[in-house]
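A.B. asks: Here it is: the structure, laid out below.
The values are calculated or read from the model by the stated rules, or taken from the named source; none is laboratory data. Quick caveat: nothing in here was measured; it's all calculated off a predicted structure. Note: ideal-geometry Cβ built from the backbone for every residue, glycine included; neighbour counts use all protein chains shown.
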Amino acid sequence: MTPVPNASAYDLSAAPEAERRATFAVIVDNEPGVLHRVVGMFSARGYNIESLTVAETDHAAHTSRITVVTRGAPHVLEQIRAQLEKIIQVRSVTDVGADPEGVERELALFKVRGQGPERVEALRVADIFRARVVDTTHESFIFELTGATAKIDKFEVLMRPLGLVEISRTGVLSIRRGPERG
């Protein structure tokens, strides 16, 4: 390798690492304050949370699963993982987004106002996306859609000009394929 003239070992102008999205499945003890500690770790270090879901997953073991979606350079995501693992109540941390065996889904409800041709078109688009009508009036529908985040985003884009009024999203849920726990 040929040295670059006048190059400094302290040169910070190196190309930045490409950011990627990470979905961390964090298994924690189900006790008061744990969610606060996890979210506080993100806040204290200036990391953004794009999606957050939490629920008890094992009543007998008193554990909950926190699914956190965030974005960062690979070294930042490793720091996040390491910091999560340092929290005493955290039993395990898995980056499901980086796992080829990982499955991610989200649920969303869409309220769409429409009459005439827009109403017919909204029903047609919903059918294509396999969205389910969970409520209907003469002026509106509420559609339920489950799928990858990109699918939910695309449905939103198509419904907007047809009279989209409101969206409610669960946030990302994740799990690993296969018979073992993970």
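A.B. asks: So residue 104 ticks every box in (1) surrounded by 14 or more Cβ atoms within 10 Å (Cβ to Cβ); (2) in contact with a strand residue (DSSP E or B) (Cβ under 6 Å, 6 or more places away or on another chain); (3) at pLDDT 95 or above but one. Which box is left unticked?
C.D. replies: Looking at each condition in turn, residue 104 falls short on (3).
A.B. asks: Name every residue in the stretch 27-53 that is out of contact with any helix residue (DSSP H, G or I) (no Cβ under 6 Å at 6 or more places or on another chain) and of a type in the set (A, V, I, L, M), in order of residue number.
C.D. replies: Hits for the stretch 27-53 are 27, 34, 35, 38, 39, 44, 52.
A.B. asks: Let me ask another. Within the stretch 129-136, is even one residue at positive phi and at pLDDT 95 or above? Lay out the reasoning, then the answer.
C.D. replies: The initial filter retains those residues of the stretch 129-136 that are at positive phi, namely 130.
Then keep just the ones that are at pLDDT 95 or above; that gives 130.
Scanning the stretch 129-136 turns up at least one residue that is at positive phi and at pLDDT 95 or above.
A.B. asks: Of the numbered conditions (1) more than 30 Å from residue 28 (Cα to Cα); (2) surrounded by 12 or more Cβ atoms within 10 Å (Cβ to Cβ); (3) among the polar types (S, T, N, Q); (4) in contact (Cβ under 8 Å) with a residue 24 or more places away in the chain, residue 115 fails exactly one; give the number of that condition.
C.D. replies: Unmet for residue 115, out of (1) more than 30 Å from residue 28 (Cα to Cα); (2) surrounded by 12 or more Cβ atoms within 10 Å (Cβ to Cβ); (3) among the polar types (S, T, N, Q); (4) in contact (Cβ under 8 Å) with a residue 24 or more places away in the chain: (2).
A.B. asks: When residues of the stretch 42-63 are filtered for being over 16 Å from residue 95 (Cβ atoms) and surrounded by 16 or more Cβ atoms within 10 Å (Cβ to Cβ), how many remain? Reasoning before the result, please.
C.D. replies: Of the residues in the stretch 42-63, the ones over 16 Å from residue 95 (Cβ atoms) are 43-46, 48, 54-63.
Narrowing the set further to residues that are surrounded by 16 or more Cβ atoms within 10 Å (Cβ to Cβ) leaves 54, 63.
Looking only at that region, the number is 2.
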